Each structure stands twice: as structure tokens, then as C-alpha cells.
Amino acid sequence: QVQLVESGGGLVQPGGSLRLSCAASGRIFRINAMGWYRQVPGKQRELVAIITSGGSTNYADSVKGRFTISRDNAKNTVYLQMNSLKPEDTAVYYCNADVVAPYTRTEYKYWGQGTQVTVSS
């Protein structure tokens, strides 16, 4: 099994910054893409940013220029630096990892437990 543990959420004022972290542990041969999603009550979970094992990135239009995704492959960790935060960024943020299992080399998708980000004055 694989566990994803997130940290870094909280309450921040508009215009402020937060950095989310998500560390993967367990039976891991390799991690392909890692990403961050967010969800507000009554709406579907949406992609925020994604990064491949080679470092290629993709962002939702709503966060381009404000958020930066990065990863440390040696630590199996993905980060989301969020700057110039807006009230509409308020959501539960979930990390995601496409993990290749040892021996079978089968890819599985795992999710973190979610961390609340609230942007409010």
C-alpha cells in the first residue's frame, strides 16, 4: 500500500501565500505524474496543477502565474507554492500520485486525505 500525507494548509488573508506539501510512502517502485486538485462543497473536484516525473507541468487557467508545482523525486514529495491567494482559492486541496508498484509494475492512482485552505480577511 501507499500513503500520501499532506501538510501546509490553513487560513491566510487575500494576497497571502501558502506552501502545500505531500509525501508519498510505502510500496513504491516509481512515481509517474503527481498533482494537486481542489474541491469545494457542491462542486466536482478540479485539477489545479500536475507535474510529470520529468518535470513538465500543467496548470489550471485560474492559477497560472500564481501557483507553482514542484517535486523532489528523491523524497517522493510534491509541493504547491500558492501566491497572491484569492478568496475563490478556498477549498480542500488533495494531492494525487500515479504510483508504479514493485514486481507487478502496475500503475495505481492514490489520493491524499485533503488539507483545507481558507482565504479570508
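Quick rundown of the values:
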{"quantity": "Options TYR108, TYR94, TYR103; residue that is surrounded by 18 or more Cβ atoms within 10 Å (Cβ to Cβ) and either closer than 18 Å to SER120 by Cβ or of a type outside the set (A, V, I, L, M) (or both)", "calculated": "TYR94"}
{"quantity": "Residue match in the range 5-17 (condition: open to solvent by 40 Å² or more (accessible area, probe 1.4 Å) and of a type in the set (Asp, Glu))", "calculated": "no"}
{"quantity": "Criterion (open to solvent by 50 Å² or more (accessible area, probe 1.4 Å), among the small types (Gly, Ala, Ser) and out of contact with any Lys or Arg (no Cβ under 6 Å at 6 or more places or on another chain)) met by exactly one of GLY35, GLY54", "calculated": "GLY54"}
{"quantity": "PRO87 modelled with pLDDT under 95 and open to solvent by 60 Å² or more (accessible area, probe 1.4 Å)", "calculated": "no"}
{"quantity": "Filter result (in a strand (DSSP E or B) and more than 15 Å from the chain's Cα centre (by Cα)) within the range 26-42", "calculated": "GLY26, ARG30"}
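The values are calculated or read from the model by the stated rules, or taken from the named source; none is laboratory data. For clarity, every value in this text was computed on a predicted model and none was experimentally measured. We place every Cβ from the backbone using ideal geometry, glycine too, and count neighbours over all the protein chains shown. Ligands, DNA and RNA are stripped out before the accessible areas are found, and what is left, the full protein with its side chains, is counted by its heavy atoms. Shrake-Rupley method; radii C 1.70, N 1.55, O 1.52, S 1.80 Å.
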